[in-house]
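The values are calculated or read from the model by the stated rules, or taken from the named source; none is laboratory data. All of these numbers come straight from a predicted model, not from anything done at the bench. In this analysis, Cβ positions are derived from the backbone assuming ideal geometry, glycine residues included, and neighbour counts consider all displayed protein chains. Heads up: the accessible areas ignore ligands, DNA and RNA and are worked out on the full protein's heavy atoms, side chains in. Shrake-Rupley method; radii C 1.70, N 1.55, O 1.52, S 1.80 Å.
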Amino acid sequence: MSNDKALPRAVDGVADLQTIMAMIPHRYPFLLIDKVIDIKPDSTAVGIKNVTNNESFFQGHFPGQPVMPGVLIVEAMAQTAAVFVVEVLEGEAAGRLVYFLGIDHCRFRKPVVPGDRLELHIEKDRQKRNVWSFKGEAKVDGKVVADAVFRAMIMEKRAGE
């Protein structure tokens, strides 16, 4: 691999927003994490999403009683896992697409609303070549609001990308 530019990396186990955007291709309004902290290579990481009333999805989900859609909570867990993978692979996967392969045992336990600080705890379960399996828990104030087991595949970049 060429060393023409520095690969994006977390600093002291923390990836700020600019680092996250260098690591994964997601952008507003679909970038659903603000920071990833406590990255322990090859085991765990914690994503942070500060949920605000300005989120675009609250316009329709639900007017007058905003609730973060559960599928977006799972997507935020997956984005945290993607940052983790890029960090573990020392930047080799930066900018590549990560596709969901499956979501199992997903449960939503409590609504997530504006003002909540969503913590997205992910733990690597298995890795086989470019397929990774994770256990995830989303927490607000230390209480689990959602959990899931999910698998994703890191896709190789196509020529010209």
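The residue list VAL98, PRO25, VAL46 was ranked by how far each Cα lies along the charge dipole of the chain toward its positive end, using unit charges on Cβ atoms, and VAL98 comes out on top. Close lysine pairs were tallied over region 84-161: pairs 8 or more places apart or on different chains with Cα atoms under 20 Å apart number 7. Sequence-distant contacts, meaning Cα pairs under 8 Å at least 6 residues apart, place the relative contact order of region 11-89 at 32 percent.
The long axis of helix 70-88 is offset from the longest Cα principal axis of the chain by roughly 20 degrees.
With R₀ fixed at 22 Å, the C-beta to C-beta distance from THR44 to ASP16 puts the FRET efficiency at about 0.75.
Can you give the translational diffusion coefficient of the chain in µm²/s, computed by Stokes-Einstein from the Kirkwood radius over Cα pairs at 25 °C and 0.890 mPa s?
154 µm²/s
Evaluated at 37 °C with a viscosity of 0.692 mPa s, what Stokes-Einstein diffusion coefficient in µm²/s does region 59-152 have when Rh comes from the Kirkwood expression over alpha-carbon pairs? Estimated diffusion coefficient is 234 µm²/s. Take every Cα pair under 8 Å whose residues are at least 6 apart in sequence, average their separation, divide by the length of the chain, and the relative contact order is 23 percent. Rolling a 1.4 Å probe over the heavy atoms of the protein chains gives the chain an accessible area of 56 Å² per residue.
Each peptide in 115-125, 62-72 receives the mean, over its residues, of other Cβ atoms within 10 Å, and ordering these scores from highest gives 115-125, 62-72.
Averaging 1/r over each pair of different alpha-carbon atoms in region 36-94 and inverting the result gives 13.0 Å, the Kirkwood hydrodynamic radius.
Here the relative contact order of region 94-161, from alpha carbon pairs under 8 Å that lie six or more residues apart, stands at 42 percent. Note on GLU123 and MET155: the extension gain reaches 9.5 nm, defined as 0.36 nm multiplied by sequence separation minus the Cα-Cα distance. Could you look at the chain and say what percent of its accessible area is carbon and sulfur, using a 1.4 Å probe and all protein chains? Of all accessible area on the chain, carbon and sulfur atoms account for 51 percent.
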